[in-house]
Amino acid sequence: MDSIITSLSGLDNFAIYFGISILFLFVFKILYAFVTPHDEWKLVKEDKNVAAAVGFGGALIGFAIALSGAASNAVSLIDFALWGVVAILAQSVAFALLRFTFMPKIAERISNNEISAGVMLAAMSVAVGLLNAACMTY
């Protein structure tokens, strides 16, 4: 019984970090919508646009990977929150980098449901999330 109690002694910290992580996911979704010129939710929910779903799904996964790096390496809740903001900024930069360098018509292509554009956006988002998480290991 003592081993169970010992194992669960960090449950309060888990709950706090997990709750903040979920909050960060919602904040990311809102801020990401401001960065992208197309409305992902409308494209996914109303238009059933697969390219938008893949691209946005990749952005969420990439952000979650980066956020997990922040949670794993944080020394306090404030440290975690600060690096969570850095993760949001890095994912936003990833979209801007793709949009303004490699694929200047990505928003138009996603709006037109070109799945290849959604896959490239997802891949860039996940790649940046992985790099972001690795760089947070300082």
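The values are calculated or read from the model by the stated rules, or taken from the named source; none is laboratory data. On a predicted model such as this, the values are computed, not experimentally measured, just so you know. For neighbour counting, all protein chains shown are included, and Cβ atoms are generated from backbone atoms with ideal geometry for every residue, glycine included.
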inquiry  = Can you tell me which of (1) more than 24 Å from I22 (Cα to Cα); (2) aliphatic (A, V, I, L, M); (3) touching a His at 6+ places or on another chain (Cβ under 8 Å) is the one M120 doesn't meet?
reply    = (3)
ask   = N113 versus (1) on the phi > 0 side of the Ramachandran plot; (2) at pLDDT below 95: which is the lone unmet condition?
value = (2)
task = Give the stretch 96-138 a look and list any residue that's polar (S, T, N, Q) and under 18 Å from the mean Cα position of the chain (by Cα), or say none.
result = S125, N132, T137
query = Among all residue pairs at least 6 apart or on different chains, which show Cβ distances below 7 Å where the first residue, located in the stretch 59-78, is closer than 27 Å to L121 by Cα and touching a residue at least 24 places away in the same chain (Cβ under 8 Å) and the second is surrounded by fewer than 20 Cβ atoms within 10 Å (Cβ to Cβ) and among the aromatic types (F, W, Y)?
reply = A59/Y32; A71/Y17
